[in-house]
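Single-structure report; data block below.
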Amino acid sequence: MTDEPPLSCEELLTTTRCVRRGLDLDRAVDPDLVKDCLRVALQAPNGNNRQNWRWILLTDPRIRADVAEVYRAAFHDRNAATLEPLAEVPEATRSVITDARALADRLHRVPVLVIPCIEVPDGRLPTGNQAGVWASLLPAAWNYALAARSRGLVTAWTAVHLDREREVADLLGLPPTVRQGALLPTAHPLRDTFRPGPRLPLEQVLHHDGWQGG
């Protein structure tokens, strides 16, 4: 992968996918390469430059297996209504759920798991709009995904485990003031090329000069 020509900025932004199935589960990932990606992540904007993000890097097989077990339980709880009568859901939804289930079933085998976290006072999230809190973490998490892609790795952005966030926090010994924002399984890809994902045309989602505009 590293012999490929560098991606253009636009290609990087449009072809960084959530890879659930195409993860190479048998090829080790150098933790130093992941740390390089995290250093790029730390250049993301964050509120008042407080940098109250924290990053959990999981490579130990036992710990990954413990987290994966909680993740699978959360996944099956969340999708119990659609997993059994799967043939009855629309094809596009069925494909996503099938891929998501494949990730859940094999999560313990993904060589690296990255959990972006943020420290908040007393561990309590605002009861109202939380955009300001997560704007100080999620751009950095996406920076990590982009940096990984540029270095020949792929990631899968997921947050299913947050349905059981406290269980994962207890497994990892996180203090009460640290809240998790996502889970980023990281691996080498099984294929070399990725295309832009299916998206609605801009005209269907753009409102110009107000909601009624356009």
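The values are calculated or read from the model by the stated rules, or taken from the named source; none is laboratory data. Just so it is clear, the structure is predicted and the values come from calculations on it, not from any experiment. Every residue, glycine as well, gets a Cβ built from its backbone with ideal geometry; the counts of neighbours run over all protein chains shown. Ligands, DNA and RNA are excluded from the accessible area calculation, which covers all protein heavy atoms including side chains. Shrake-Rupley method; radii C 1.70, N 1.55, O 1.52, S 1.80 Å.
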Practice item. In a Gaussian network model over the chain where Cα atoms closer than 10 Å are linked, find which of Arg151, Arg164, Arg191 has the largest mean-square fluctuation. Key: Arg191
Check your understanding: Considering only the other residues whose Cβ falls under 11 Å of the Cβ of Asp30, what net charge follows from Lys and Arg at +1 and Asp and Glu at -1?
Key -> +1
Exercise for review: With unit charges on the beta carbon (Lys/Arg positive, Asp/Glu negative), name the residue among Val178, Trp142, His161 whose Cα is farthest towards the positive pole of the charge dipole of the chain.
Suggested key: Val178
Study note, to complete from the structure: Surrounding charge for Trp157, neighbours by C-beta under 15 angstrom, Lys/Arg +1, Asp/Glu -1, total +3
Check your understanding: Nearest 0.05, what FRET efficiency do Glu203 and Arg94 give at R0 = 25 Å with Cβ-Cβ as r?
Key -> 0.35
Exercise for review: Using a 10 Å cut-off on Cβ atoms, rank the peptides 119-127, 55-63, 154-162, 131-139 from the highest mean neighbour count down.
Suggested key: 154-162, 131-139, 55-63, 119-127
Revision key, fill the gap. Counting only protein heavy atoms and leaving out ligands, DNA and RNA, the solvent-accessible surface of His108 at a 1.4 Å probe, in Å² to the nearest 10, equals 70 Å²
Check your understanding: Simple spin-label model, 7 Å along Cα-to-Cβ: Glu69 to Leu25 in nm?
Key -> 1.8 nm
Point to revise | For segment 145-214, diffusion coefficient by Stokes-Einstein and Kirkwood Rh (Cα), 37 °C, 0.692 mPa s, µm²/s | key: 206 µm²/s
Exercise for review: Compute the distribution of all C-alpha to C-alpha distances in the chain, in bins of 10 Å from 0, and list the percent of pairs in each, rounded to whole numbers.
Suggested key: 7, 29, 35, 23, 5, 0
**Study point:** Å² per residue, accessible surface of segment 97-164 at 1.4 Å
**Key:** 39 Å²
Review point. Tally Lys and Arg at +1 and Asp and Glu at -1 over the other residues with C-beta under 12 Å from the C-beta of Val67: what net charge comes out?
Key: -2
Review point. Per the Cauchy relation, a quarter of the hull surface: what is the mean projected area of the convex hull of the alpha carbons in segment 88-214, in nm²?
Key: 11.6 nm²
Check your understanding: Cα centroids of segment 33-69 and segment 141-202: how far apart, whole angstrom?
Key -> 10 Å
Review point. Could you sort Leu171, Leu146, Leu107 by accessible area so the largest value comes first, with the probe set to 1.4 Å?
Key: Leu171, Leu146, Leu107
Study note, to complete from the structure: Computed over the chain, the relative contact order (Cα-Cα under 8 Å, seq sep at least six) in percent reads 37 percent
